[in-house]
1. Evaluate the Debye formula for region B:552-606 with equal point scatterers sitting on the alpha carbons, no solvent, and hand back log10 of I(q)/I(0) at q = 0.13 Å⁻¹, in q order, two decimals.
2. Evaluate peptide B:387-397: per residue, the Cβ atoms of other protein chains within 10 Å of its Cβ; return the mean as an integer.
3. Explain nothing, just the number: relative contact order of chain A, from Cα pairs under 8 Å at least 6 residues apart, as a whole percent.
4. Stokes-Einstein diffusion coefficient for region A:235-393 at 37 °C in a medium of 0.692 mPa s, Rh from the Kirkwood formula over Cα pairs: what value in µm²/s?
5. Which ³J(HN,Hα) values in Hz, rounded to whole numbers, follow from the phi angles of region B:113-120 under the Karplus curve 6.51 cos²θ - 1.76 cosθ + 1.60, where θ = phi - 60° and Gly and Pro get x?
6. Could you work out how far apart the two model spin labels at A:ASP367 and B:ILE545 are, taking each label as a point 7 Å from the Cα in the direction of the beta carbon, and quote it in nm?
7. Classify region A:346-505 as rounded, prolate or oblate, taking a ≥ b ≥ c as the square roots of the eigenvalues of its Cα gyration tensor: rounded when a/c is under 1.5, otherwise prolate if a/b is larger than b/c and oblate if not.
8. Skipping prolines and chain starts, which residues have an amide H placed within reach, meaning under 5 Å, of the one on B:GLU284, given they are 5 or more residues away or on another chain?
Protein chains: 2
Amino acid sequence: MSYSFPDLARLVKPTSVVIVGASDRRDSIGGRAFYNLTEESDFEGALWLVNPGRSEVAGRPCARSVAVLPDVPDLAIIAIPAAGVLGALKDCAARGVAFAIVLSSGFGEMGEAGKGIEAEMRALAAATGMRIYGPNCPGLSNINDRLGFTFSPAFKLDLLKGPLGVATQGGGLGRTILQAMERGVGVGLWCSAGNEVDLEISDFIHHMAGASDIRVIVALIEGIRDGAKFVGAVRRAAEMGKPVVALKVGKSDYGIKATMSHTAAIAGSAEINSAAFRQLGVVEVDDVDELIDTAWLLARATPQALEKVAVYCSSGGTAALTADMVGSAGLVLAEFEPATTARLAQLLPPFAAFDNPVDTTAEVLADMTVIDRSLQAVADDANVGLILHPFPMEYGAATTQAAQSVVRVQAASSVPIVPIWISDRSGDGLSALIEAGMAPLRSVGKSVKAVARWCGYGNWLARRDPAWRPMILDQTAPDDTNLEVLGEVDAKALLAASGIHLLPFELADSRESARRIAERIGYPVVAKVVSAEIIHKSDAGGVLIGLADAQAVEGAWNAIQASVQAAAPDAHIDGILIEGMAPAGGVETLIGVHRDPVFGLVLTFGLGGIYVEVFKDVSRRILPLTKTDAREMIREVRCFAILDGARGRPKANVAALEALLLSVSDFVVAQQIEEMDLNPLWVGAEGQPVIPLDAVIVRRKETR
Amino acid sequence: MSYSFPDLARLVKPTSVVIVGASDRRDSIGGRAFYNLTEESDFEGALWLVNPGRSEVAGRPCARSVAVLPDVPDLAIIAIPAAGVLGALKDCAARGVAFAIVLSSGFGEMGEAGKGIEAEMRALAAATGMRIYGPNCPGLSNINDRLGFTFSPAFKLDLLKGPLGVATQGGGLGRTILQAMERGVGVGLWCSAGNEVDLEISDFIHHMAGASDIRVIVALIEGIRDGAKFVGAVRRAAEMGKPVVALKVGKSDYGIKATMSHTAAIAGSAEINSAAFRQLGVVEVDDVDELIDTAWLLARATPQALEKVAVYCSSGGTAALTADMVGSAGLVLAEFEPATTARLAQLLPPFAAFDNPVDTTAEVLADMTVIDRSLQAVADDANVGLILHPFPMEYGAATTQAAQSVVRVQAASSVPIVPIWISDRSGDGLSALIEAGMAPLRSVGKSVKAVARWCGYGNWLARRDPAWRPMILDQTAPDDTNLEVLGEVDAKALLAASGIHLLPFELADSRESARRIAERIGYPVVAKVVSAEIIHKSDAGGVLIGLADAQAVEGAWNAIQASVQAAAPDAHIDGILIEGMAPAGGVETLIGVHRDPVFGLVLTFGLGGIYVEVFKDVSRRILPLTKTDAREMIREVRCFAILDGARGRPKANVAALEALLLSVSDFVVAQQIEEMDLNPLWVGAEGQPVIPLDAVIVRRKETR
């Protein structure tokens, strides 16, 4: 099931357009759409107007219906009341129109009746091949080509072309992003398809991935309707070397509820979303300003792995605050080369700080040459990957000069200089930074967050495996009737058959066979009741460990039978599992596999025990795992310190644990596993093995 | 040691001033100070000028020295090169000048020589009673009285009077705060005493606490020089009902290092700082914009405990994002009264959201009455404590009307409406909100943070004990020679004598006495070696538990002697401690007490074990504890779920644990304890006791 995406060229840049519901009333949707295209756009193709009640609009001829147009338009813009929309769409489809943008509202957002009409629209698109954009949306703004298929009265102000492609669902926050043009953020294309009956955010991401004028894709997501399509789109962006920066609403219960009521999209699990985003190289942010700041930084420069940061400022307190936040965010301050420190010491006053963070002191603001040269010295340092340059205040000419210096030094350097204009007072310095396309950020904390994400993307680029292909691209969810549950014995047999190392085990059907099995395995052994009806074996008295000799095993047989009979008199007992014992010591961990409705099969790793449950200290990946995933997901959990030998513990056999994670991933793929728990998973010290002590598996029936 | 603070009335509003180094050169420090006072201030008192080389400055008479002035000024402003400053200060002190502001730089920030001169300044202040402000500072801006004792060329723009008092160390970020006037944030007084040779941030906080025109105090702190003084000042602010909002730089190693190089202040432990701030009701923030936003919110309205939030917006996506962040921050969305929802349903279009978060949809923007009434309905709801009102975009007249509606509804409501102007585009709506004093915030995330802190302050107000007095106000740190370490036996004897419940224990000096003691206590017992030279008893084989009978105890005597002799042949063994055993089950926790250099004795509580160490999951309080502290510090650790009966565990005896925390606090005060570890501290289930199983104490010698 590899996704095929539509070619949106004729939607984004059509050669011919019809406006259905065209009007010359500037306060109507149809009128605004008409004037946006005729007065505010550089549209040079054929424009037809349709309005059943008019023969002309603003001096142009107007047809009664799409059916009578002289030729077939690439794009129809539908701007009529809801009641007529489906009919108009059918007319368009009948003529062979390629794309329809439905600006009208009054559909799914109104309730069930509207949802019914949306289903008809979807069916129409599927049946005819005409792709539908909307309804209940502001339209599409192709700013780089200066084409507005939108009723937005703000389109005339959307003038700053640029490298960002913006894909949103709701229009309001999309508009916020476009208004970042005031800060010098140029946007090339904005798609906001509202109720998304057909075309959706993933289609736009895919289009932008292939668009030569777009360098960074910004996605504001309330819900992902089709996980496989989303994965296909962001993978395409990665192939094309274009970062996708995403804000996904729905991290808290309030957000999930509000999102569902707003767009009827399924919010999905925030934890799984975030894990999948990290894995797919989608840069996740928490706020709409962070979306803009991070995307712009990525548009300015592509990070390498492990970029180190310099802080340069004329205020010591501001430099200290910025360095403090750099540290709190887990970023690394560059250590300057000796030559850099020497150059700074020569240029700056003796009470300045020549190390990173650089505090030039305000004294240097009087001398342009010193500012230029000292900033240049920092930019020239081979250890510096990015310079944070906070401006704590607007101080007239001095600030303007400092800002001009940033612009000048940046022009000659490939190291991004990131200005932070903290003050609420604007001034010529701010304007200079904006005009130079530096889109000054607004707070130290938000800037550091943006830089951390920028560095994180560089890190992802360096470690990703381009061949990796998530299972969701090849696999659909089975229905429940197609699944079977394997208990401990069957699950372990399947694992063992697939080459996963387990303790020796065998099912005993009598006291006598229990003893013989134990002797074959070697003492001490463990005895566990096997019964499909008993889920919590220990609670039912069905597990005895450390059985050291034949007498103990025979006693255990009796004791387990008695306990289980008492706890669950009706349970059918298949027998008693006799199993070897893990060596003393070791750390208990767990592996789980389950299906996420959006991203498909997900593997969870964590340390076992009650503390870890309290701290929810697990790492997750969508399957299959790469070697890097296996390596990182072990190191991502905070409890890794325990595996790594904290407090004088022996170091765990992390290599074997990595190998097991990869084996489990292969096993899940090969065996069509739908769900799985290896808990506890015993991890020995270096030289010792890693062994699942218990196992439950759910798999597809048809695989046998 | 109760702190006495200086009365700063004659510093902040002097009746007479001398400028030493007065000049008419507008580009000099002395000239700027002169013009700020003569042209930009409403100073009506006597102004004298001193400059040894001038007989007049700008047409005013100028004296050669302070010694020859006709009368004694309240305040001297020193604006001469560093070399002459100490002499000038001596002249001032000799004349009986009350306050001197030293604008000049070139002292501690230059190195050791400068620090020496600063020490002389400090000594001069102590000897003469003349209080010194500075050096290396921009001066003092008393905006509410329109008095600028500052060289800052920006003073002429510092025009918006207001309820904030701002106390900073460095000048740069203080200037950032003042420039928030552009956003409608009014500042009454700014004190920024640079190198703080004498007057320091705590003195200004104390002054502002008593100043009738200041309602909220903003502190930007690089280091707290004197913890007791700081505590005294913020307690005074609390008594006067004035919140203190603080940004403390030095949360990461980079920040600590940069701060030390910038101000030579001791950064202190960020964890202890934060714990002490919470306890003292100081509202801590992470960034300079957060300082402004939070302070302004507190100036606008005083929160009650547990305020609930409403979100009101004309964009559904923005409402969802805001509600999402409200949830992620742990805040509570108000549940509307049925009447509110009914009013909204009547007013808004059918596809709007009438619940919290309210999405009016953009359609209502056409009708002022609907906006007014629907916002009013939310403000009238008795469950709503604050309304977040995000504006995702500037959309011309519609946005302006919505903003005017906010201003109108706010004028008639005591529920604060907090506008968030997310867009980078400004407009008349933004201006209207600024003019109305609402200081619109700039990002959803930062706004939610400000509201969370506002709610947190209300919570603190509701639960604080006004009589509580931190030990640091009465106690200085002892020197090390005055301390003695009590090992387990002596420590436990002291605890038992103070009424803290322990297991029965006795020191055995022979195998025979061990057996007799065990019989008195009752089996099973524990045996532990007692030796001042053996720190890690278990590692030396010095602990044996679960001794069930006389034979076991005698065997343990032999075994411990042998193990310890092997492990530490030279250690003197005082005997073997025989002790009762805690019942099975229970949870291991720990209590620690240590002295923080800034805030004095601090108590730490946490759950024991290696996981908790990895997660650093502890709570801390400066001593003594109140009942509320004891209650909250147990519930603050994330592992509280384990004490509270997670995963079917028995609930722990939390009441006994609270009582023990209070007993330990009393014990520390009564016994002059300097350091203490009760680890492990065994916490039984409800009905069972709470028992320290091991104890080490460091106390002052003189108390015996």
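1. With no solvent term, the Cα-only Debye profile gives -0.68.
2. The per-residue average across the peptide is 4.
3. Over chain A, the number comes to 8 percent.
4. Translational D for this selection: 179 µm²/s.
5. Using θ = phi - 60°, the values come out as 4, x, 5, x, 5, 4, 4, 5 Hz.
6. Going by the 7 Å Cα→Cβ label model, 6.9 nm.
7. Prolate, since a/c reaches 1.5 and a/b exceeds b/c.
8. When sequence neighbours closer than 5 places are left aside, the close amide H contacts are B:ALA246.
Every read-out reported here was derived from the displayed coordinates using simple, explicitly stated rules and does not represent laboratory data. Bear in mind the structure is a predicted one, so any value in this text is a computation, not a measurement. Here the Cβ is made from the backbone with ideal geometry for all residues, glycine too, and neighbour counts use every protein chain on show.
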